[in-house]
Amino acid sequence: MARTSDRYPGVEWIGDTGAFITIDENRCTGCGNCIKVCLGRCFEMEKKLARIKSLAECMECASCWYVCGEEAISFRWPPGGTGYRSDWG
């Protein structure tokens, strides 16, 4: 069954997508760009470094990967294509 969120009407997350985003803490400089662009609020700062809080509401847009100038974030599409689906495409 699909999960929904009151924060994002019209959005469903299908199944468990696993850990498809990772952060290399040796490369992270704590700039916070990933936090600023993440629509799903998946990241937080801990000990001046970004860390993944939860991927439960990830929109799978790869913005976090794109804005990471240090290449600390690895992104790959979730197994099976996607775990995210919306009314808008």
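Among 76, 41, 51, which one shows the biggest mean-square fluctuation in a GNM of the chain, springs joining Cα atoms closer than 10 Å?
Maximum among the listed residues: 76.
Enumerate cysteines in the chain without a disulfide-compatible partner, where compatibility requires another Cys Cβ under 4.7 angstrom.
Here 28, 31, 38, 42, 58, 61, 68 come out as lacking a disulfide-compatible partner, given the Cβ-Cβ threshold of under 4.7 Å.
What 222 nm value per residue comes from the helices of the chain, counting each DSSP H run with n ≥ 4 as -39,500 (n - 2.57) and dividing by all residues, nearest 500 deg cm²/dmol?
My calculation for the chain gives -2000 deg cm²/dmol from helical runs alone.
Note the direction-averaged projected area, equal to a quarter of the hull surface, for the Cα convex hull of the range 18-78, in nm².
Taking the Cα atoms of the range 18-78, their convex hull projects to 3.5 nm² on average.
Order by neighbour count: 39, 55, fewest other Cβ atoms within 10 Å first, most last.
Least crowded to most crowded, the residues run 39, 55.
A short reminder: the numbers here are calculations on the coordinates, not readings from a lab. All values reported here derive from a predicted model rather than from experimental measurement. A quick note on method: Cβ atoms are made from the backbone with ideal geometry, for glycine too, and the neighbour counts reach across all protein chains shown.
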